[in-house]
Amino acid sequence: MRDSFVNLTSSGQVAVGGCVVDSMYVNSTSSGVIRLYNGLTAVDTGAIIGGNITPAAGFHFLGNLDSTVGLYCSVVSGTIDVTFHIRNRDN
């Protein structure tokens, strides 16, 4: 596995293919609400991981979330600048 990071300021793909999401760092937010999907988009039958998340600025450990297909982050409301720390699987 190799470590990488992805920074998002709007909805988008965090990872394509299986990965483990270690943590995220919220660089800034204005009542930002996000939702994570085990999938490549929010509509490709990706399963919702948890529910809506309203994180405060700073570091958040995510418990090594195992995403089998890919990971998509949807910004539900507000604004947010978030960096995800992920481990990609080498296939």
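The values are calculated or read from the model by the stated rules, or taken from the named source; none is laboratory data. Just so it is clear, the model here is predicted, and its values are computed rather than measured. Positions of Cβ are generated from backbone atoms using ideal geometry, with glycine treated the same way; all protein chains shown enter the neighbour counts.
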(Q) What pairs come out if I take residues in the range 6-31 that are within 9 Å of THR83 (Cβ to Cβ) and pair them with residues that are buried (at least 16 other Cβ atoms within 10 Å of the Cβ) and of a type in the set (Asp, Glu) whose C-beta lies under 6 Å away, six or more apart or interchain? (A) ASN27/ASP81
Q.
Testing GLY50 on (1) assigned to a strand (DSSP E or B); (2) modelled with pLDDT of 90 or more, one condition comes back false. Which one is that?
A. (2)
Q. Mind checking which residues of the range 36-47 are farther than 12 Å from VAL14 by Cα and either under 10 Å from the mean Cα position of the chain (by Cα) or assigned to a strand (DSSP E or B) (or both)?
A. ALA47
Q: Would you tally the residues in the range 1-24 being closer than 22 Å to GLY78 by Cα, part of a strand (DSSP E or B) and out of contact with any Gly (no Cβ under 7 Å at 6 or more places or on another chain)?
A: 7
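So, in the range 53-74, exactly how many residues are assigned to a loop (DSSP other than H, G, I, E, B), modelled with pLDDT of 95 or more and surrounded by fewer than 16 Cβ atoms within 10 Å (Cβ to Cβ)?
Residues in the range 53-74 being assigned to a loop (DSSP other than H, G, I, E, B), modelled with pLDDT of 95 or more and surrounded by fewer than 16 Cβ atoms within 10 Å (Cβ to Cβ): 3 in total.
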Q: Run ALA42 past the list (1) of a type outside the set (Val, Ile, Thr); (2) over 15 Å from SER77 (Cβ atoms); (3) surrounded by 13 or more Cβ atoms within 10 Å (Cβ to Cβ) and report the number of the one that doesn't hold.
A: (2)
